[in-house]
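What follows is a single structure, written as structure tokens, with notes after it.
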Amino acid sequence: MSHAEISSPALQEQFDDAAQQKDAVTLGMWLFLATEILFFGGMFMGFSVYRQRYTAAFAETAHHLLMWYGAVNTAILLCSSFTVVLAVHFAHIGRNKAVISSIIATMILGAAFLCLKGREYYIEYTEHLIPNTQFVYGTEQKERMGIEVTQEEKDHPQTAAFAPQARIFMSFYFMMTGVHATHMIVGEGIFLWLLITCLRGKITPEYFTPVEICGLYWHFVDIVWIFVFPVLYLLHY
Amino acid sequence: MLHHFSLFPQEASTIAPQVDALYALLVGITVFFSALIFILIAVFAIKFRRRSELDRPADVHAPIALEVAWIAIPLMICMVLFFWGAHLYFVIERPPENAIDIHVIGKQWMWKIQQPNGRREINTLHVPTDIPVRLTLASQDVIHDFFIPAFRVKQDVIPGRYTTLWFQATDVGEYHLFCSQYCGNQHSGMVGTVIVQTPEEYQAWLAGVTPNESPVVNGARLYGSLGCGTCHGVQAPTLAGLYMTKVDLAGGGTVTADEDYLRESILDSGAKIVKGYPAIMPSFRGQITEEQLFDLIGYIKSLQNPANQINISPDRPLTPAINHAAPMEQDNFPVQHQEAPAKGW
Amino acid sequence: MTTLDHIPDILVEDDRNTYLNISHKLKSWLLTKDHKRIAILYLIAITLFFFVGGFFAAMIRLTLLTPRGDLVQAETYNKLFTMHGVIMVFFFLIPSIPATLGNFLVPLMIGARDLAFPRINLLSWYLFMIGAAFTFSAIICGGLDTGWTFYTPYSSLYSTSNVALAVTGIFINGFSSILTGLNFIVTIHKMRAPGMTWMRLPLFIWSTYATSIIFVLGTPVIAITLALVAVERVFHLGIFDPRYGGDPVLMQHLFWFYSHPAVYIMILPAFGVISELVTCFSRKPIFGYSMVAFSSLAIASIGFLVWGHHMFVTTQSAYAGMVFSFLSFLVAIPSAIKVFNWTATLYKGSISYEAPMLYVFGFIGLFTIGGLTGLFLATLGTDVHIHDTYFVIAHFHYIMVGGAIMGYLGGIHYWWPKMTGRMYCNWLAQVSALLIFIGFNLTFFPQFILGYMGMPRRYHAYPDEPLWQVLNVMSTCGASILAIGYLLPLTYLLWSLKYGDLAGPNPWKATGLEWQTLSPPATHNFAKPPIVTQDPYRYDIGEPQARVDLSIPVH
């Protein structure tokens, strides 16, 4: 073919040159992230509607989330974003081994996040906060968990009135963090692929678009958490 | 003009001629522009048909005036339609003050209706002419829609909240009542008849069967048996004179204590907490039917004047008739919901 | 074919390598990365789905012949209209033009070798087929009865049919749409041939671009909404459940945030097709190129802000209703501009009545009626009465069948010679265009009247009123004509594959880049990269220039 002067082994045949390929791939990733924003946006929108409608109940229920788990996870994700930046930087200056260790560090941090999240889900499960048929709230929840309910609480079942709205809050909590965790798992898979690509020596200072693209995805998933965390865990009033 | 033409449904409410007038304008606009485009296409297609394979028609440049015209003219027409339509919508949406109140409950697949004096009917609705009627609509299960074509009114009936619909019938007769929001198996069977009578006939009909109790009396008894009075007025806000006043909420902001607010506060007491009071009220969700809710709210509304208070002891039993639980209140959803078409079918 | 007279023999010979005959193995089709082959894969799939959906439509029309709906039971009827809607909307109309003609033409029209991401393009097709497999298995295993709108709480709590399975299929299918749209946007931005500036893009590209924006920004919202419905149904979450204070109407807002723009996904590509066809068959540049191009973008962006007009009688406040009504009127203006511009393009043209042009005439007429009757629904005062009646059914079929499918068929007839290298029987195609136009009007015009008389949609049985049955019978008669009109192209187009005349590179003497390569094109589209030096649709300056080397590509 007269047109196909292939300049780099990584250049796919539909592109004219490496610059065009890089532009196209980067634009594609940004568009995908736009899609993702709308994907999460639907849930944030729904949450805001109910937060506005059931302000007191949502603020009350937020106390039941394990804020410190969330905070530690936030810190973990921020660190992982830093290691991703390092990976891109090292790829740019051609230090392949440093790229590989940055990627591994990112994956370990991601796994730590998922483990903590799983632990958190387990605790919420034992507290009957999963919004299925097991869901209970207020004094009944304490009774189920074997916590003594004082006579004062029985006479004034303060939070029992919030039970239906608490269920909605927990539904959003599990959907939003669940979809986010799914993205984290996908991210782990993508980084595994990236790791293999690096180990095969396909990443060079001339061609490190995959590192950048996978990094964009990882940063995006982090940023989603940066919104999820305060909205769910910290809005106590 | 239009109502003599049989392709249009009968006009039987004060709103109907107004809707039809706007509709006639829309039909006129549609016919005019469709004809314009069809004729232009036909004329151009014939007049400028290809005569030779060598035809090379010159480019015709768009005069700015023409482009502006066919933006501006449709825009102006649209604005006329918009304002007229919005004006009419406000008429349709805003019930007059002096309307009589009828309660409607939709469930798969029937309409349960309660007249102001408590007389109940199913799938028929008796209304008088020349008096505005305001329907308060509630759904026991899925979304329904209350549609009377001859009155040109329609309102979705949504579970979990009240919606309202009003009309003033003009012509005596019987008219179709449809559910027009798809609601499951027998959706097309969820139909009924609106019977419009003269005010005198309507009054006579209302008095024909004396119901056991008026909604307010029923509601007062419920108020007692559910123990509302043990807190309200003591450690909870008093309910006398509450209806349609502004209530300050704990989370900030205020809300008007309309029927929807009262309903929500009974069913989901935690949804809106009154400022200065602890959130101690239990939720009555699942313990009270839609009919009982209407009665209870009717009673609370009657408390506008403290002299209306009816004192009923809490231990007086409920009548069995209103004690049977509707499917909505059963806890283990949803499969057994596909019960046979409701009784009386 | 007289148009073949000037074409040198060498160009119509059949023994060169084309994208079609480069390999005949099944594997070479199923693992292809060639945008043209993927377009053909989509074409086969959606044609199948179209006739399945059409079968359900036929059953609906037959049931409504009698007021009591004697043919099937109510439960079956509810499943019929649901499956008709789900298949036609999600598995035919939304992918129709973008996935077939769009896939085939976007690289050809902008002078590229392929889309930016050929592997993702193939992945889109597989996601589409996997999604279809899920939804169709829901249909086979007992059906689906929620209506294509999946309104809660009926879909989440009360329906006993396979909602979760069907919804999963649509969720997966959504990602197919997203990836297709993403691919188009990147391709149009980054892969244009030298000289192909934005204002030289064919209008089909503009409308595909606008459509792709909706794909990318709208589809994720319906994906998450349907995911929530499915999870709600399986785990009883409570987000849309009125028993826990959840709001079933929230689901409608989220649903229509996508599903109203989805209407523009269906109609915008048809606008693009019509712009190409109307210029070619009147041999004139389009009247007001930039107006037509930007009106597509205007429709795509305002289209995101009008979803509330599906809920005028739900519960939203009268003021919200006013805003949505106002914006709905605004979105009518760019559509009106397009109709006027197409009509003006005919003026002083040299109009031929080839089959694709008949579809154009049909499209403009039907779309005009469909668009104008949309005003009835945007007008608050009248919408209250006709909402959820047959008036709405008639209106959106005028847009989706009269508009989108007319445009799709016009486009298929126009580019068929390019896709297959063969000409079909022109007079049969003209007959079928006429049959579709007549059958369509007979089917759906009576439904406007029925709707205003008050017949609600999704009714298995209707009152035995005078005229109601007459109008329904008319509608069913029209549907039979329509069915013949749709079956005819299937036969003569398939027939043409083997027996049709060879088409040559440019049977219509059109100007687009896609006509300056061979028919069917070789795998890499162009023998050498085209360079664009002038605006599109320059029919006025004569025969399309052989700026592109038409010599046989070397393989």
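The values are calculated or read from the model by the stated rules, or taken from the named source; none is laboratory data. Just so it is clear, the structure is predicted and the values come from calculations on it, not from any experiment. Here Cβ is always computed from backbone atoms with ideal geometry, including for glycine, and neighbour counts include all displayed protein chains.
Computed values, structure above
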| quantity | calculated |
| --- | --- |
| Selection status of residue A:94, in contact with a Pro (Cβ under 6 Å, 6 or more places away or on another chain) and in contact (Cβ under 8 Å) with a residue 24 or more places away in the chain | yes |
| Condition check for residue A:36: within 14 Å of chain B (Cβ to nearest Cβ) and closer than 30 Å to residue C:246 by Cα | no |
| Extreme residue, nearest to the chain's Cα centre (by Cα), among residues of region C:389-410 that are under 26 Å from residue B:18 (Cα atoms) and surrounded by fewer than 24 Cβ atoms within 10 Å (Cβ to Cβ) | C:396 |
| Within region C:284-305, tally of residues that are crowded, with 24+ Cβ neighbours inside 10 Å and either charged (D, E, K, R) or over 30 Å from residue B:45 (Cα atoms) (or both) | 3 |
| Checking residue A:56 against (1) surrounded by fewer than 17 Cβ atoms within 10 Å (Cβ to Cβ); (2) small (Gly, Ala, Ser); (3) touching a residue at least 60 places away in the same chain (Cβ under 8 Å), the condition it does not meet | (1) |
| Residue C:324 more than 10 Å from chain B (Cβ to nearest Cβ), among the aromatic types (Phe, Trp, Tyr), outside any loop (DSSP other than H, G, I, E, B) and within 28 Å of residue C:449 (Cβ to Cβ) | yes |
| Cβ-Cβ under 9 Å pairs, at least 6 apart or on other chains, region B:247-276 side modelled with pLDDT of 85 or more, far side in a loop (DSSP other than H, G, I, E, B) and among the β-branched types (Val, Ile, Thr) | B:256/B:245; B:257/B:245; B:266/B:288 |
| Selected residue (criterion: farthest from the other protein chains (Cβ to nearest Cβ)) from residues of region B:271-290 that are of a type in the set (S, T, N, Q) and buried (at least 16 other Cβ atoms within 10 Å of the Cβ) | B:289 |
| Qualifying residues in region C:247-268 (those that are touching a residue at least 40 places away in the same chain (Cβ under 8 Å) and facing another protein chain (nearest Cβ under 7 Å)) - the one farthest from the chain's Cα centre (by Cα) | C:248 |
| Pick from region B:139-180, criterion at the interface with chain C (Cβ under 7 Å from one of its Cβ atoms) and among the polar types (S, T, N, Q), ranking: farthest from residue B:100 (Cα to Cα) | B:180 |
| Region C:470-492 residues that are free of Cβ contacts under 8 Å to residues at least 60 places away in the same chain and at positive phi, paired with ones that are outside any helix (DSSP H, G or I) and surrounded by fewer than 19 Cβ atoms within 10 Å (Cβ to Cβ) (beta carbon under 9 Å, 6 or more apart) | none |
| Complete set of residues in region C:142-159 that are within 8 Å of chain B (Cβ to nearest Cβ), free of Cβ contacts under 8 Å to residues at least 60 places away in the same chain and in a loop (DSSP other than H, G, I, E, B) | C:159 |
| Residues of region C:332-376 satisfying the condition of being closer than 21 Å to residue C:405 by Cα, more than 7 Å from chain B (Cβ to nearest Cβ) and without any contact (Cβ under 8 Å) to a residue 60 or more places away in the chain | C:334, C:335, C:341, C:370, C:371, C:374 |
| Unmet criterion (only one of (1) buried (at least 21 other Cβ atoms within 10 Å of the Cβ); (2) at pLDDT 70 or above) for residue A:182 | (1) |
| For residue B:154: the one exception among (1) more than 24 Å from residue B:292 (Cβ to Cβ); (2) surrounded by fewer than 23 Cβ atoms within 10 Å (Cβ to Cβ) | (2) |
| Index of the failed condition, residue C:228 passing every other in (1) within 30 Å of residue B:265 (Cα to Cα); (2) more than 7 Å from every other protein chain (Cβ to nearest Cβ); (3) touching a Ser or Thr at 6+ places or on another chain (Cβ under 9 Å) | (2) |
| Residue in region C:219-234 that is charged (D, E, K, R) and either surrounded by fewer than 24 Cβ atoms within 10 Å (Cβ to Cβ) or more than 28 Å from residue A:48 (Cα to Cα) (or both) present | yes |
| Residue check, residue C:133 surrounded by 20 or more Cβ atoms within 10 Å (Cβ to Cβ) and either under 22 Å from residue C:171 (Cα atoms) or touching a residue at least 60 places away in the same chain (Cβ under 8 Å) (or both) | no |
| Residue match in region B:28-36 (condition: modelled with pLDDT of 90 or more, among the hydrophobic types (A, V, I, L, M, F, W, C), outside any strand (DSSP E or B) and surrounded by 17 or more Cβ atoms within 10 Å (Cβ to Cβ)) | yes |
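A quick yes/no check of all residues on (1) among the hydrophobic types (A, V, I, L, M, F, W, C); (2) touching a Lys or Arg at 6+ places or on another chain (Cβ under 8 Å); (3) outside any loop (DSSP other than H, G, I, E, B); (4) within 30 Å of residue B:145 (Cα to Cα):
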{"site": "C:435", "(1), (2), (3), (4)": "yes, no, yes, no"}
{"site": "C:474", "(1), (2), (3), (4)": "yes, no, yes, yes"}
{"site": "C:485", "(1), (2), (3), (4)": "no, no, yes, no"}
{"site": "C:490", "(1), (2), (3), (4)": "yes, no, yes, no"}
{"site": "C:515", "(1), (2), (3), (4)": "yes, yes, yes, no"}
{"site": "C:536", "(1), (2), (3), (4)": "no, yes, no, no"}
